[in-house]
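Enquirer: The structure that follows is given in the form of C-alpha cells.
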Amino acid sequence: MPLDPQARMLLDQMQAMGSPPLHTLPVPEARQMMESMKALLGAGEPVHRVEDRAIPGPAGSIPARLYRPEGRSPLPLLVYFHGGGWVLGGLESHDNVCRSLANQAGCAVLAIDYRLAPEHRFPAAVDDCYAATAWAVANAATLGCDPKRVAVGGDSAGGNLTAVVSQLARDRGGPALRFQLLVYPATDAAYDTASYRENATGYFLEVDGMRWFYGLYLGDGDRSDPRASPLRTRDLRGLPPALVITAEFDPLRDEGEAYAARLREAGVPVTLHRYNGMIHGFFSMDSLLDQGKQSVAEAAAALRTALR
C-alpha cells in the first residue's frame, strides 16, 4: 500500500524543518532533539493521578512514573518500557501514550526509566526492566494494583525489552505475567530482513539509525544473545499471550512479524496487526496520526481483555 497521507505529511514537515537524522548527531544532541520532538505531540490527556516514584534496582534507584486512572483498587497493572533505541527517551518522551493507555485500558501504568546506553551498555537496560517488573509484582498492593493481573509492554527498543523480560520471567520462575504488548519490537540485531532493505531510508527510522543504536547499546557484545535478540531464543513455549503491532514502512516490520509467528508456532496465543501505510513511531504519535489513535485503542482493548 502507499504511504499513509498523514504519515507523508509528517515526514515532509520533518524534512522542511531541516533536522538532521538522529544517528548523525552526538548522543546529547540526539537526546535534546527527541525531547524537542515531543512538543509536536501536544499535552497528554488528564489522568486521575500521576506520581513519580523510585524503584530499587541492581545498580541503584530506577526512576518510574505511575499513572492511575479512575477506578477502584486494586487495578490491573501495565509495566511499560519506552522506545528510543536503548539510547534516547525516558519518562517524558512517552508520557502521552502512557496516559492514553491508562485511561483507555482502565489499568495503572508504571513507566520505567531504565539506564541508557552508551553510558550503561547491554545488559543494563534488561537488568533494570526485569528488576522493576519483579518489584512491581511483589509490591503491587502498595501501588493499589493486583499482582495477579500484570502485563508488560513497550515500543521499539521497549518492545525488545518486553520480549526479553517475558522470557526471563518464564525462565527464572517469575514474576507471573498475564500479557505482553509488543509494538514494532526490535527482535534480532541482524539487519537482514526484506523490510530492512525496502525501508532502509526515508521513513523516519533508518537502517543506519539501527546500526547506530545497536552499536551504542551492544558495543562488542554478542548480537545473538537472546537478551539482545529475543527472536534467537530456541524455545518460546510458555510465554504470556501477546499483541504484536507492526508498521508497513518500518525496517523492524519483518522481525516483529517473525517473532509473532514463532510465538504462534510455540502455542502462545498471539494477535498480529500490521498497520499499512504507517512508519516506525506511529504508536506514540497518536495525537498526530489517526492510525496511531487506532493502534493505542487496539492495545488498550487487548489489555482490558487480558487483565479483566
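Here, each number is a calculation from the coordinates, and none is a lab measurement. Just so it is clear, the model here is predicted, and its values are computed rather than measured. Cβ sites come from the backbone with ideal geometry, for glycine too, and all protein chains shown count toward neighbours.
Enquirer: If each residue's Cβ is checked for other Cβ atoms within 10 Å, how do Glu298, Glu119 rank with the fewest at the top?
Expert: Fewest to most other Cβ atoms nearby, the residues stand as Glu119, Glu298.
Enquirer: Classify the stretch 43-90: rounded, prolate or oblate, from the alpha-carbon gyration tensor (a ≥ b ≥ c, eigenvalue square roots; a/c under 1.5 rounded; otherwise prolate if a/b is larger than b/c)?
Expert: The shape class here is oblate.
Enquirer: So, one more: Multiply the residue gap between Ala54 and Arg223 by 0.36 nm, knock off their C-alpha separation, and tell me the result in nm, one decimal place.
Expert: 57.8 nm
Enquirer: Can you tell me the FRET efficiency between Thr201 and Arg8 if r is taken as the Cβ-Cβ distance and R0 is 25 Å, rounded to the nearest 0.05?
Expert: Efficiency computed from Cβ-Cβ geometry: 0.95.
Enquirer: Let me know the shape class of the stretch 90-157, please: from the alpha-carbon gyration tensor, a ≥ b ≥ c as square roots of the eigenvalues, rounded when a/c is under 1.5, otherwise prolate if a/b is greater than b/c, or oblate.
Expert: Taking the square roots of the gyration eigenvalues as a ≥ b ≥ c, the stretch 90-157 is oblate.
Enquirer: Hey, what number do you get for the chain at 222 nm if only DSSP H runs of n ≥ 4 count, each worth -39500 (n - 2.57), divided across all residues, to the nearest 500?
Expert: Counting only the DSSP helices, I get -11500 deg cm²/dmol.
Enquirer: Something else now. For Ala301 and Glu45, what does the FRET efficiency come to when R0 = 25 Å and r is the distance between their Cβ atoms, rounded to the nearest 0.05?
Expert: Plugging the Cβ-Cβ distance into 1/(1 + (r/R0)^6) gives 0.90.
Enquirer: Same structure again: Counting only DSSP beta bridges with both residues in the chain, what percent are antiparallel, rounded to the nearest 5?
Expert: 30 percent
Enquirer: First check a/c for the stretch 38-157, with a ≥ b ≥ c the square roots of the eigenvalues of its C-alpha gyration tensor; if it is under 1.5, answer rounded, and if not, answer prolate when a/b is larger than b/c or oblate otherwise.
Expert: Taking the square roots of the gyration eigenvalues as a ≥ b ≥ c, the stretch 38-157 is oblate.
Enquirer: Looking at Ala189, Val109, Tyr214, which one has the Cα that reaches farthest to the positive end of the dipole of the chain (charges on Cβ: Lys, Arg +1; Asp, Glu -1)?
Expert: Projecting each Cα onto the dipole axis, the largest value belongs to Val109.
Enquirer: Could I ask something else about it? For the chain, what are the DSSP H helices with axial Cα length of 30 Å or more and mean Kyte-Doolittle hydropathy of at least -0.5?
Expert: none
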